[in-house]
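Enquirer: Sending over a structure as structure tokens; questions will come in a sec.
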Amino acid sequence: MSVETSNSLDRATADLLTVKTAAEMLQVSVRTIWRMFNDGQLTPVRFRRCTRARMSEVLQILNGSARCL
């Protein structure tokens, strides 16, 4: 993998949170994050073999500008 590819990969994943981290930020369970994915409140992002949440969406919920639990 070249340095350029590595840097673009880092930028692409910088806005992604693990399900556990998203749950901790929102002070909910991991299961609630999966429910939010299923309900369309959060958009699941598949990265390699993992599912991530977009930091921007989690921050919108924290700021109250998105539909909440």
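Enquirer: Taking only the stretch 35-54 into account, find how many residues are over 11 Å from the mean Cα position of the chain (by Cα) and open to solvent by 90 Å² or more (accessible area, probe 1.4 Å).
Expert: 5
Enquirer: Now for a separate question. Counting only residues that are at negative phi and in a loop (DSSP other than H, G, I, E, B), which one in the stretch 2-27 is modelled with the lowest pLDDT?
Expert: Checked the stretch 2-27; the qualifying residue modelled with the lowest pLDDT is Ser2.
Enquirer: Quickly run through the stretch 28-57 and pick out the residues that are among the aliphatic types (A, V, I, L, M) and under 10 Å from Leu16 (Cα atoms).
Expert: Correct list: Val45, Ala53, Met55.
Enquirer: Take the stretch 28-43 and flag every residue that is among the polar types (S, T, N, Q) and either touching a residue at least 60 places away in the same chain (Cβ under 8 Å) or outside any loop (DSSP other than H, G, I, E, B) (or both).
Expert: Thr32, Asn38
The values are calculated or read from the model by the stated rules, or taken from the named source; none is laboratory data. Just so it is clear, the model here is predicted, and its values are computed rather than measured. Because the Cβ atoms are built from the backbone with ideal geometry, glycine has one as well, and the counts that use them run over all protein chains shown. The area values use the complete protein model at the heavy-atom level, side chains included, leaving out ligands, DNA and RNA. Shrake-Rupley method; radii C 1.70, N 1.55, O 1.52, S 1.80 Å.
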